[in-house]
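Written out below as structure tokens is the structure these notes cover.
The values are calculated or read from the model by the stated rules, or taken from the named source; none is laboratory data. Note that the structure is a prediction, hence the values are computed from the model and not measured. Virtual Cβ from ideal backbone geometry, glycine too; neighbours counted across all protein chains shown.
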Amino acid sequence: MRAGRMGRLFPCLARRHRIGVASLAALGLMLALASPALAADVPAGARDALAPVTRMIGTLVAIAIGLGIAICGAVIVWGGIEKTMAGANADAEHRAQRRIANGINGLFWMIGASVIVGTLTAIAVAYGLIDPPF
């Protein structure tokens, strides 16, 4: 049986994952092409009342992402120090390599989370749902 075009482009993804990725891409396209006229009107009083809450949530999310990036950097450095100190011990060197890989993986997740939060915030500001957080 021949694989479809998506199967040739992304052979590592299972069919259900390709469906999920395609669904997310369609949702992103729909959000990008949606008109601001489709957004709900937020009353000025409600926006003013929720402004401190949205600012606080934005600040907490920024702190959490910044802290996550700092922790990932520390894990990468810690793995580098462990790799340097491993010497001829292959098991210790393998653990250090896994620690470095996990730190890099976490760093990518934190940067991805930052991009997603920034995008959602920009969409909400563009539609007039919230005021700019900073």
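Things worth noting here:
- Leading residue by the ranking (modelled with the lowest pLDDT) among those in region 85-104 that are over 18 Å from residue 68 (Cα atoms) and of a type in the set (Gly, Ala, Ser): 87
- The residue that is surrounded by the fewest Cβ atoms within 10 Å (Cβ to Cβ), counting only those in region 72-91 that are closer than 13 Å to residue 104 by Cβ and of a type in the set (A, V, I, L, M, F, W, C), is 74.
To keep it simple, each residue is scored yes or no on (1) of a type in the set (A, V, I, L, M, F, W, C); (2) under 16 Å from the mean Cα position of the chain (by Cα).
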site	(1), (2)
52	no, no
57	yes, no
77	yes, no
82	no, no
92	yes, no
104	yes, yes
118	no, yes
122	yes, yes
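- Tabulated pairs, region 105-134, first more than 18 Å from residue 73 (Cα to Cα), second among the polar types (S, T, N, Q), C-beta under 6 angstrom, 6+ apart or interchain: 130/54
- Within region 52-92, being in contact (Cβ under 8 Å) with a residue 12 or more places away in the chain and either among the charged types (D, E, K, R) or not in a helix (DSSP H, G or I) (or both) holds for 55, 82, 83.
- Test: residue 6 is modelled with pLDDT under 65, assigned to a helix (DSSP H, G or I) and over 19 Å from residue 113 (Cα atoms): yes
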